[in-house]
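Every number here is computed from the coordinates shown, using simple stated rules; none is lab data. This is a predicted model, so every value here is computed, not measured. Here the Cβ positions follow ideal geometry from the backbone for every residue, glycine too, while neighbour counts run over all protein chains shown.
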Amino acid sequence: MKKILSVLALLLSVVFLVSCSSSPSVSDNMDGEYFTYSNNLNKMREEVEVIVEGNTLTYYYEPNDKYLFSIDKEKQTLTGGASGKTVAYTFDRGKLSFAFLDSVNDYYLKDSPAYQELLKQSK
């Protein structure tokens, strides 16, 4: 009887650990509004430049221009824009970096750890 209970407890533990590890962590959640940092002004810009909702990234290039990208989180790529190209991106603690028009830019998720650190540094 003890062996059966031990095996059952072990199986339940394994199921619990697998279910916890397969769910995305908060740090993987890219959803929200992103801003850029101006080195010249030494502050975060007030205009939203990127919005991520689920697997869609909207990039606001000019006031009247926006580009849509689909996000492949497994491959860490964005596909879309005017050319339909695929570009790689990195995402770390709320800092999103990807190339657009041949230059790599950094975008900061509002209220993320990376965003907060940059605000502290600019004071």
task: Using amide H atoms built 1.01 Å from N in the peptide plane, name the residues 5+ places from S122, or on other chains, whose amide H lies under 5 Å from its own.
output: none
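How big is the dipole moment of the range 30-121 about its Cα centre under a simple scheme where the beta carbon of each Lys and Arg is +1, that of each Asp and Glu is -1, and everything else is neutral? Debye, nearest 20, please.
200
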query: When Y61, Y89 are ordered from fewest to most other Cβ atoms inside 10 Å of their Cβ, what list results?
result: Y61, Y89
message: Between S122 and E46, what is the label-point separation in nm under the 7 Å Cα-to-beta-carbon projection?
response: 1.2
statement: Karplus-derived 3J(HN,Hα) from phi for the range 68-78 (6.51 cos²θ - 1.76 cosθ + 1.60, θ = phi - 60°), whole Hz, x at Gly and Pro, runs 9, 10, 8, 9, 10, 6, 5, 8, 6, 10, 10
Non-local Lys pairs in the range 30-121, i.e. 8 or more apart or on different chains, that have alpha carbons under 30 Å apart: 21
message: Could you tell me what a quarter of the Cα convex hull surface of the range 30-121 works out to, in nm² with one decimal place?
response: 5.8
